[in-house]
Amino acid sequence: MVDKQVDAMVQKLKSGISGLDELTDGGYPSGGIHIVSGPPGTGKSLLGLHFLVEGAKNGETGIYISLEETEANIRRSLTGFGLDEGAGENLDKVIIIDLTLMRETTDLMRWQTLQGTLREAVQKEVITFKTLQDFLTNVFRIHTPKRIVVDSLVAIGLSYDKNNELREDLFCFCTFLRREGVTSVLITESDDESGLRTRFNSEGFVGDSFIALGIDNIKGELRRSITVRKMRFTDHDTSQRPVFLGKGGITVKADAGMF
């Protein structure tokens, strides 16, 4: 357990998800690296969008780095779940950077705008954590985000042949994000239905938090869950809790158990 006086001194950023902040005693510790893991269909990307929309409500700039889904699909999720309504006039504070094409190039200077048409690339190469760090260094000169989501680490990690090199570069990337002072949600995939076993077995070690989204087959019905496996600097609930997706996005039943 974390000392309550120490816990009270930790600045928190709300997740924007009903119930989740109750599990974490107020939200994500500010400036930290927060790993979100889970199998397909558990709401990982949606969780990241909640986090940025919550910041936008308060006038905070947030950046969503997408390496797998197009900007159009991400905005479709915002609209489909009604999250855009929550941000109101501040929705433009949620900046979505579609880097699906960047996985084919490291010619970063060809991106003249963050939300306009991406210029045709020349140099063909897969993306690494060092490449992404170089790109974000340029991005942070234009914007001063308080929140950032990277979706997903797997899209970057697959370019590595050796796990020790991946872990070293991921550690350096996380150090860079901490140094920049942003609060980061880094999404990864799980190799099991509980969300606890990440693809590269390294992500949970570099994060200040590790949140697992799971899915269980209970009496023939698939049911989603969330577990805050790890969260430094703060007290938190470690029980598996039910998760529901619907209008308004994600809802966590913080006072209920799985059944």
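Where a number appears in this text, it was derived from the coordinates with a stated rule and is not lab data. Small disclaimer: the values here were computed from a predicted structure and weren't measured. Cβ sites come from the backbone with ideal geometry, for glycine too, and all protein chains shown count toward neighbours.
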Original post:
How many lysine pairs in region 4-252, separated by 8 or more positions in sequence or lying on different chains, have Cα atoms less than 15 Å apart?
Top reply: 7
Subject >> Neighbour-count ranking [beta-carbon atoms within 10 angstrom, fewest first] of D237, D92, D208 >> reply: D92, D237, D208
Subject >> Rounded FRET efficiency, nearest 0.05, which uses the C-beta distance separating N164 from Q133 and R0 of 22 Å >> reply: 0.75
**OP:** Give me the number: length gained by fully extending E180 to E193, i.e. 0.36 nm times residue separation minus the C-alpha to C-alpha distance, one decimal in nm.
**Re:** 1.3 nm
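How much length, in nm to one decimal, is gained on full extension between E85 and T100, taken as 0.36 nm per residue of separation minus their Cα-Cα distance?
2.8 nm
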Original post:
Between F205 and Q11, what FRET efficiency follows from the Cβ-Cβ distance if R0 is 30 Å, with the result rounded to 0.05?
Top reply: 0.80
Original post:
In debye to the nearest 20, how big a dipole does region 113-259 give about its Cα centre with +1 on each Lys and Arg Cβ and -1 on each Asp and Glu Cβ?
Top reply: 420
Subject >> Mean ellipticity per residue at 222 nm, deg cm²/dmol - from DSSP H runs of n ≥ 4 across the chain, formula -39500 (n - 2.57) >> reply: -8500 deg cm²/dmol
**OP:** Give, in nm to one decimal, the length gained when the segment between H143 and M258 is fully stretched (0.36 nm per residue of separation minus the Cα-Cα distance).
**Re:** 37.2 nm
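Within region 4-252, what percent of beta bridges assigned by DSSP are antiparallel, to the nearest 5? Write down the numbers at each step before the final one.
Numbers: 20 of 46 bridges.
Close to 45 percent.
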**OP:** Could you tell me which of rounded, prolate or oblate describes region 4-252, using a ≥ b ≥ c as the square roots of the eigenvalues of the alpha-carbon gyration tensor, with rounded for a/c under 1.5 and, failing that, prolate when a/b is larger than b/c and oblate otherwise?
**Re:** rounded
**OP:** For helix 163-180, report the angle its Cα long axis makes with the longest principal axis of the Cα atoms of the chain; keep it between 0 and 90° and round to the nearest 10°.
**Re:** 90
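What dipole magnitude, in Debye to the nearest 20, does the chain give about its Cα centre under +1 on Lys/Arg Cβ and -1 on Asp/Glu Cβ?
180
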Original post:
Among F51, F81, which comes first, then next, by fewest other beta-carbon atoms within 10 Å?
Top reply: F81, F51
